[in-house]
Amino acid sequence: MNPKLSFAVVAAAAAVLLATGLFAETTLVPGVSPGKDVVAVRKYVMVTNNANLRDIRLKLEAKKSLDVVSNGRSMAASAMILPFLFVDAYPDAYPVPGSNYAYKATPMAEVQAGAELLNAQCQKLVNLAGQAAETAKQLDRVKDACRDCHAKMRTDVK
Ligand code: HEC
């Protein structure tokens, strides 16, 4: 790669890192990745959920409700794997720079229920995409699923 181009690539990568804030640098490997990596990944998934909600809001404001399909699928995909990320609390991994939140160890059945609710509400959102008013209403149900889970499982770092 020529030096000018590679500088541009590095600069672009740095801009993406800054824009995303919390960034997980590793891919999780079962039985190998340390707890701090698992925590970094679950926070990254959550921050991505937030970005999806914002993107959906902007699309609805722009009267493009059909375009929320990819956001709904992205959040549903995260919901499908969430329980794997909450098997252990990893209290020693906190506090994480840039975040005031932690995971409060919760029985797996409750984690599963919370993840399934988010998955179901996101699938409904995908199915309603294109119908502006229904999509906007369903977005509130998706947010309720986020809030339910946070009330039970998320805590502030002291
Ligand atoms: C299965 C439960 C569950 C669901 C569903 C869920 N969250 Fe979370 N969320 C958590 C937990 C637990 C934490 C704290 C994780 C940690 O600190 O390790 C968290 C953290 C967060 C954070 C803070 C990240 C940080 O540390 O700065 C954001 C933002 C967030 N969630 C957004 C969302 C949004 C948006 C949705 C819905 C689209 C959602 N979450 C759905 C459990 C959930």
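The values are calculated or read from the model by the stated rules, or taken from the named source; none is laboratory data. Quick caveat, the model's predicted, so the values are computed rather than measured. A quick note on method: Cβ atoms are made from the backbone with ideal geometry, for glycine too, and the neighbour counts reach across all protein chains shown.
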- Message: Any residue at all in the stretch 66-78 that's hydrophobic (A, V, I, L, M, F, W, C), modelled with pLDDT of 95 or more, within 14 Å of Cys149 (Cβ to Cβ) and within 13 Å of the ligand (Cβ to nearest atom)?
- Response: yes
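For residues that are more than 9 Å from the ligand (Cβ to nearest atom) and in contact with a helix residue (DSSP H, G or I) (Cβ under 9 Å, 6 or more places away or on another chain), scanning just the stretch 92-112, find the one that is nearest to Val38 (Cα to Cα). Reasoning before the result, please.
Going through the stretch 92-112, the residues more than 9 Å from the ligand (Cβ to nearest atom) turn out to be 92, 95, 97, 105, 107-109.
Pick out the ones that are also in contact with a helix residue (DSSP H, G or I) (Cβ under 9 Å, 6 or more places away or on another chain) and you get 92, 105, 108.
Numbers: Asp92: 12, Ala105: 14, Met108: 16 Å.
Applying the filter and picking the extreme gives Asp92.
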- Message: Considering only residues that are surrounded by fewer than 17 Cβ atoms within 10 Å (Cβ to Cβ) and under 27 Å from Asp88 (Cβ atoms), which ones fall in the stretch 114-142?
- Response: Glu116, Ala120
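Every residue, every condition in (1) within 20 Å of Ala129 (Cα to Cα); (2) touching a Cys at 6+ places or on another chain (Cβ under 9 Å); (3) assigned to a helix (DSSP H, G or I); (4) not aromatic (Phe, Trp, Tyr), yes or no:
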| site | (1), (2), (3), (4) |
| --- | --- |
| Val32 | no, no, no, yes |
| Val39 | no, no, yes, yes |
| Lys43 | no, no, yes, yes |
| Ala51 | yes, no, yes, yes |
| Arg54 | yes, no, yes, yes |
| Lys59 | yes, no, yes, yes |
| Val68 | yes, no, yes, yes |
| Ser74 | yes, yes, yes, yes |
| Ile81 | no, no, yes, yes |
- Item | the stretch 92-118 residues that are within 14 Å of Val157 (Cα to Cα), paired with ones that are hydroxyl-bearing (Ser, Thr, Tyr) (beta carbon under 7 Å, 6 or more apart) | Ala102/Tyr94; Ala102/Thr155; Lys104/Thr155
- What number of residues in the stretch 128-156 are within 8 Å of the ligand (Cβ to nearest atom) and aliphatic (A, V, I, L, M)? 3
